[in-house]
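Here is the structure we will look at, set down as structure tokens.
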Ligand SMILES: Nc1ncnc2c1ncn2[C@@H]1O[C@H](COP(=O)(O)OP(=O)(O)OP(=O)(O)O)[C@@H](O)[C@H]1O
């Protein structure tokens, strides 16, 4: 069982050598300490190297500057765009990665920072020739660290935040021509009065369309099935109809951060476009193919730079990006840089999901007031006049004066059409989101058909493997896809170039997506690595697989890095299958969905797949943008910083019909529900500054 930081702190205070403080220590003592933390896995070697680099460039840098540099670098690896000095002094030990199991010795950051206050720390940083103090007028653009207020950045991330803030504030201040006859067109697109249980409610989808039609930047957020896709398709109909009538159709592009998310949007958008009450010509002028953001921007192999940027902007008039919660700071900055100023950008996503894997929490930052609305009286009057809907919902607040310009272009959809709010999955997701652990637990205890709860008696409890292999009741486990693999295989004499092979592979991939095992962690018996081995061994024991090492038929793999030569994206999933080769010999190939909305499959030689891993179990982070009929989440036996309500919410909302919660120890679920992800970011503040500057000019 992992030790808590408190236990560790207690054990540290017993060490017999005297404690060092950043105020007294010299740089070599501090670097020695960093080595110690790297050896323990508390810090990355990269973070230590950055501190060394700072010292090489500024031999006078104080120990507190080197410590801040290493911590800032480390924070990036944990998704924070900067180091908040005040928050760090309040809880220094949470800045490093939690100690691995059972390790002792060494001095904790809280002990190093004893006695240091934020003013002293800032002073030491400002003395260094490696830090630019943005609160002073003098500029040093070549310095690698940027200090602004209590936030310390690596320059690149400060630049990303600033360029996003500048680009968004510029977009928010552009006057946009709204489509003519807006009210009439909206009524035609939303012919039905919105009712829940026969009671009339405000139609937030219609309000969202009106709001997005009047600006060239808007955000539509909402939980699963709240109608984001449907709303945006109606918005595209609204924008494209007058353009087609004028003979100048808009160039519309659709994108998502991952191939999987792009494929899902492609599917749902196709259906929504076919149902759109507009002419065939307008329907045809709304694309249904969805590209990944990397493909849209034109990635270059082995380069962070894209083909499209401000000097070679994208050729489009409207861009819709789905699953925007997965967009990190760097991607958002590149996207905005490549977008022509007059083009409309519409972001769709669920603000309550986990933030991006890489640094930043762009959608969360942009939607921080979405629930309360914060519309000005002027916005409310405009929306009500054009949509004919009352802008009202529980908890909605009106802003004083003109309000925050971003809030005037942000809308939250509030009613899920996929999850009945009264049913298991929807209710559990809502309670977790509200941090209501007690009611979430009592809901789990009710044994509703949609919600399965497995409380394990130890690491080797067979109930877990039973659930993973056989599922429970109608909820499938992995046996299902392996039986499809075996039973639907084309006859042996089927020619190698017959489409039956791809059809079979497509069915196997589809069946694999019926169930997914999700983990919070990567390491240990409750993490992806341990569970992948356990599941493969068990499937082999049940004779559902013929191997569990290397490449074997039925092995599902996850691509962990974009491979442009193979057109495979990080997050794509394939399954190894025996298929006939052109020369009679059967060959093992990995089938991947084409992800182009065609439902097609392509085969790749296993030897060409370098960056892949087995994916019976996957992290919740990697599951974003996907949905499975049955989703099982395994919680580890002790609390860990990654366990938060966002992680639980994301896992629960991956489930379409059944959600299984597997608990290795009591209390961990409750602990996770009560904590939320707090990503340190200055994006909201930078945006406020930029908007204030614009208002002054
Ligand atoms: N106004 C509407 N009238 C009728 N059905 C609707 C409407 N809006 C959405 N739906 C239906 O509700 C379901 C969910 O809608 P949609 O796919 O647009 O939601 P979403 O928020 O994009 O979902 P997610 O992102 O979670 O996949 C779909 O089956 C869609 O057809």
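The values are calculated or read from the model by the stated rules, or taken from the named source; none is laboratory data. The model shown is predicted, which means the values in this text are computed figures rather than measured ones. Because the Cβ atoms are built from the backbone with ideal geometry, glycine has one as well, and the counts that use them run over all protein chains shown.
Condition first: touching a strand residue (DSSP E or B) at 6+ places or on another chain (Cβ under 9 Å) and crowded, with 17+ Cβ neighbours inside 10 Å. Now tell me which residues in the stretch 366-378 satisfy that.
If the condition is that a residue be touching a strand residue (DSSP E or B) at 6+ places or on another chain (Cβ under 9 Å) and crowded, with 17+ Cβ neighbours inside 10 Å, then 366, 367, 369, 370, 371, 373, 374, 375, 376 are the ones that fit.
Determine whether residue 94 is within 20 Å of residue 159 (Cβ to Cβ), outside the structural domain of residue 356 (by the TED database), in a helix (DSSP H, G or I) and out of contact with any strand residue (DSSP E or B) (no Cβ under 7 Å at 6 or more places or on another chain).
In short, no.
If you take the residues in the stretch 238-266 that are part of a loop (DSSP other than H, G, I, E, B) and over 20 Å from the mean Cα position of the chain (by Cα), which one is farthest from the ligand (Cβ to nearest atom)?
Going through the qualifying residues, I end up with 247.
Cβ-Cβ distance below 7 Å, separation of 6 or more or different chains: which pairs start in the stretch 178-197 with a residue that is away from the ligand (no atom under 16 Å from the Cβ) and end on one that is outside any helix (DSSP H, G or I)?
Listed by first residue and then by second, the contacts come to 178/214; 183/388.
When you go through 183, 169 one by one, which is the residue that is more than 28 Å from residue 82 (Cα to Cα), more than 23 Å from the chain's Cα centre (by Cα), part of a helix (DSSP H, G or I) and assigned by the TED database to the domain that holds residue 273?
183 is the lone residue from the list that is more than 28 Å from residue 82 (Cα to Cα), more than 23 Å from the chain's Cα centre (by Cα), part of a helix (DSSP H, G or I) and assigned by the TED database to the domain that holds residue 273.
Among the residues of the stretch 470-509, write down those that are farther than 19 Å from residue 588 by Cα and surrounded by fewer than 19 Cβ atoms within 10 Å (Cβ to Cβ).
470, 472, 473, 474, 479
Mind listing whichever residues of the stretch 508-558 are over 26 Å from residue 645 (Cβ atoms) and under 21 Å from the mean Cα position of the chain (by Cα)?
557 - this is the single residue of the stretch 508-558 that is over 26 Å from residue 645 (Cβ atoms) and under 21 Å from the mean Cα position of the chain (by Cα).
Just one of (1) within 23 Å of residue 329 (Cα to Cα); (2) within 16 Å of the ligand (Cβ to nearest atom) trips up residue 144, so point out which.
Condition not satisfied by residue 144: (2).
Would you check if there is a residue in the stretch 200-218 being surrounded by fewer than 17 Cβ atoms within 10 Å (Cβ to Cβ), within 14 Å of the ligand (Cβ to nearest atom) and in a loop (DSSP other than H, G, I, E, B)?
Yes.
What's the total number of residues in the stretch 233-264 that are without any contact (Cβ under 8 Å) to a residue 40 or more places away in the chain and closer than 13 Å to residue 288 by Cα?
Result for the stretch 233-264: 0.
Condition (residue is surrounded by 22 or more Cβ atoms within 10 Å (Cβ to Cβ), more than 12 Å from the ligand (Cβ to nearest atom) and either closer than 20 Å to residue 413 by Cα or modelled with pLDDT under 95 (or both)) applied to the stretch 225-237: is it met by at least one residue?
Within the stretch 225-237, one or more residues are surrounded by 22 or more Cβ atoms within 10 Å (Cβ to Cβ), more than 12 Å from the ligand (Cβ to nearest atom) and either closer than 20 Å to residue 413 by Cα or modelled with pLDDT under 95 (or both).
Consider only pairs whose beta carbons are under 6 Å apart and that are at least six residues apart or on different chains; among these, list those whose first residue lies in the stretch 207-232 and is under 14 Å from residue 407 (Cα atoms) and whose second residue is part of a loop (DSSP other than H, G, I, E, B) and within 13 Å of the ligand (Cβ to nearest atom).
Sorted first by the residue in the stretch 207-232, then by its partner, the pairs are 207/389; 221/351.
Could we say that residue 51 is assigned to a helix (DSSP H, G or I) and in contact with a strand residue (DSSP E or B) (Cβ under 7 Å, 6 or more places away or on another chain) here?
no
Conditions tested, residue by residue: (1) within 15 Å of the ligand (Cβ to nearest atom); (2) part of a helix (DSSP H, G or I); (3) modelled with pLDDT under 95; (4) surrounded by fewer than 24 Cβ atoms within 10 Å (Cβ to Cβ).
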site	(1), (2), (3), (4)
316	no, no, no, yes
320	yes, no, no, no
325	yes, yes, yes, no
337	no, yes, no, yes
348	yes, no, no, no
351	yes, no, yes, yes
355	no, no, yes, no
360	no, no, yes, no
364	no, yes, yes, no
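Test residue 237 against the criterion of being farther than 15 Å from residue 179 by Cβ and assigned by the TED database to the domain that holds residue 171, and give yes or no.
The answer is no for residue 237.
Kindly indicate whether any position in the stretch 384-402 is more than 16 Å from the ligand (Cβ to nearest atom), touching a strand residue (DSSP E or B) at 6+ places or on another chain (Cβ under 7 Å) and in the same structural domain as residue 227 (by the TED database).
Scanning the stretch 384-402 turns up no residue that is more than 16 Å from the ligand (Cβ to nearest atom), touching a strand residue (DSSP E or B) at 6+ places or on another chain (Cβ under 7 Å) and in the same structural domain as residue 227 (by the TED database).
Restricting to the stretch 267-296, name every residue that is within 12 Å of the ligand (Cβ to nearest atom), in a helix (DSSP H, G or I) and free of Cβ contacts under 8 Å to residues at least 40 places away in the same chain.
268, 271, 274
Listed here are the residues, each with its yes/no results for (1) touching a strand residue (DSSP E or B) at 6+ places or on another chain (Cβ under 7 Å); (2) crowded, with 23+ Cβ neighbours inside 10 Å; (3) part of a loop (DSSP other than H, G, I, E, B); (4) not assigned by the TED database to the domain that holds residue 434.
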| residue | (1), (2), (3), (4) |
| --- | --- |
| 640 | no, no, yes, no |
| 651 | yes, yes, no, no |
| 656 | yes, no, no, no |
| 659 | yes, yes, no, no |
